[in-house]
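Engineer: Right, I'll just put the structure down here and ask away after.
No value in this document is a laboratory result; all are computed from the given coordinates. What you are looking at is a predicted structure, and each value in this text was computed from that prediction instead of being measured. Virtual Cβ from ideal backbone geometry, glycine too; neighbours counted across all protein chains shown.
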Amino acid sequence: MITTINKTPEPEIKNRIHTLKQKMEIRRIQAVFLTHKPDIFYFSGTSQDCYLYIDIEHEPALFVKRYFPRARKESCIKNIFQISSITQVPDKIRYLHQSLPETCGLAFDVVPVRDFHFYQKLFTPTSFIDCTSSINACRQIKSPYEIDQIKNSARLSGKTFSYIEENIQPGISEMEFCGMFETFARKFGHSGTLLTRHYRSEGFPFHLLSGENGGLAGAVDTPCCGLGTSITHPFGAGAKIIQRDEPVLIDFGTILNGYHMDETRMFVIGDMDKKAMDASKASIEILYTLLSLMKPGAVMGDIFEKSVQSARHMGYEEQFLGLPGVKSIFIGHGIGIELVEPPIISRGRKDIFKPGMVFAVEPKFNFKNEFAAGIESVIQITEDGACFLSVTPHKIFICK
């Protein structure tokens, strides 16, 4: 069980800030003001209620509303100020640097319009510009420290899938069984809530689709949605009872010490019929094909097209990546301190793979009103190729 809280090492934080300043210099951004908690955690080491200001010519400053003693203990930032209101921040910056910057970066992808207008008025005469691309460029390349953190999450995910294999049983609902293996993972430090960046998305770990529930499309941009618990939560596990001899797709997101792992495996209690077994094996074959092609310099859109070509060659074009008319246009997504991070391995994407990038790759099939089949594993781009960070076996789990 988890007994200690791990701090982000000071050299790690300093290197991230140095990299961000390099990106800022290229775009001629004088300063950035970070308000999104995952960004603040990435560049400061704390997730307390605070704001981080990084000036290209000065040391960063952390402004903490709650809770100052913990933020000071968790973060290596030297300039830490306790504030009772965000309205105090501009005066603190003037105190530190004698003036406010002419231009300042905000992550426009996560700052609400109302907040933007508030910040613009509060920081007058500063003009705010979008620095999302600069932040993403830093976070896309994982350091050895971050790779180790993701590996820790992978080990917990592997333990959880082993627990699932040993404890899955017929006669209980999808939701009840999700509660069992989520409880197991929480004992070892799983934070429960998965972090997502887009305001219209939400992370949830209870994505278990048994039998015909796997053959549903729905609100989530994924090939296999599930029925969910209600009209208000129409995705993932629901009240359906798990049966013997039916294919069960379990997509489980793990978060440990701030870093995510996202894996999918197929299960059956008893015997899986040939149609579902063949599709499950095909998804594994596509995964390994993509692994062999994901190397530095390769174009992401080309990898997506290769996945579609592979499915077509196997006779699964209609079912691949969802039902006709609502197919997903991505085969993988970046992953780290948020469940889904840029870049996305999607149709037409011109980005190239670079060493240090990490992706969750998920070839999946939806057989309408019958079942779902697929796999998802996390892959790291290395200096000369790619490797799995996932440690969960790439197999169909046949449970008796």
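Engineer: Antiparallel versus total DSSP beta bridges in the chain: what percent is that, nearest 5?
Structural biologist: Within the chain, antiparallel bridges account for around 80 percent of the total.
Engineer: What percent do you get for the relative contact order of the chain when only Cα pairs under 8 Å and 6+ apart count?
Structural biologist: This gives 15 percent for the chain.
Engineer: Hull surface divided by four, with the convex hull built on the Cα atoms of the stretch 10-139: how many nm²?
Structural biologist: Average projection, Cα convex hull of the stretch 10-139: 6.9 nm².
Engineer: Let me ask something additional. Normalised by the empirical 2.2 N^0.38 Å for globular proteins, what value does the Cα Rg of the stretch 189-317 take?
Structural biologist: Ratio of Cα Rg to 2.2 N^0.38 Å: 1.17.
Engineer: Assign unit charges at the C-beta atoms only (+1 for Lys and Arg, -1 for Asp and Glu), then state the dipole size of the stretch 141-399 relative to its Cα centre in Debye, rounded to the nearest 20.
Structural biologist: Rounded to the nearest 20 debye, it is 340 debye.
Engineer: Hey, another quick one. Two decimals is fine: what's Rg over Rh for the stretch 297-400, C-alpha atoms, Kirkwood radius as Rh?
Structural biologist: 0.98
Engineer: Can you tell me what share of the DSSP beta bridges in the stretch 10-139 is antiparallel? A percent to the nearest 5 is fine.
Structural biologist: In the stretch 10-139, DSSP labels about 50 percent of beta bridges as antiparallel.
Engineer: Rank-order 349-355, 228-234, 15-21 by packing density, defined as the average count of other C-beta atoms within 10 Å over each peptide's residues, highest first.
Structural biologist: Ranked from most to least packed, the peptides come out as 15-21, 349-355, 228-234.
Engineer: Further, regarding this structure: Placing +1 at every Lys and Arg Cβ and -1 at every Asp and Glu Cβ, with all other atoms neutral, what dipole size does the stretch 10-139 have around its Cα centre, in debye to the nearest 20?
Structural biologist: Dipole about the Cα centre, nearest 20: 260 debye.
Engineer: Starting from the coordinates of the alpha-carbon atoms of the stretch 242-362, obtain the Kirkwood hydrodynamic radius over all distinct pairs and give the value in Å to one decimal.
Structural biologist: 15.6 Å is the Kirkwood radius here.
Engineer: To make sure I understand the rule: partners must be aspartates and glutamates, Cα under 12 Å from the Cα of LYS14, and not fewer than 8 residues away in the same chain. Which ones qualify?
Structural biologist: GLU59
Engineer: Which ordering of ILE26, ILE396, ILE250, ILE147 is given by a fewest-first count of other beta-carbon atoms within 10 Å?
Structural biologist: ILE26, ILE147, ILE396, ILE250
Engineer: Which of PHE367, PHE43 comes first, and how do the rest follow, when ranked by fewest Cβ neighbours within 10 Å?
Structural biologist: Least to most surrounded, the residues fall as PHE367, PHE43.
Engineer: Find the percent of Cα-Cα distances in the chain that exceed 41 Å, and round it to a whole number.
Structural biologist: Value for the chain (Cα pairs over 41 Å): 19 percent.
Engineer: Further, regarding this structure: On a 22 Å Cα-Cα criterion, which of the cross-link pairs LYS21/LYS65; LYS151/LYS281; LYS240/LYS400 come out too long?
Structural biologist: From LYS21/LYS65; LYS151/LYS281; LYS240/LYS400, over 22 Å: LYS21/LYS65; LYS151/LYS281.
Engineer: Using a 10 Å cut-off around each Cβ, can you sort TYR199, TYR42 from fewest to most neighbouring Cβ atoms?
Structural biologist: Least crowded to most crowded, the residues run TYR199, TYR42.
Engineer: I need the peptides 70-80, 89-99 ranked by packing, meaning the mean over residues of other C-beta atoms within 10 angstrom, with the highest value on top.
Structural biologist: 70-80, 89-99
Engineer: So if R0 is 30 Å, what FRET efficiency would ASP302 and LYS37 give, r being the distance between their Cβ atoms, rounded to the nearest 0.05?
Structural biologist: 0.30
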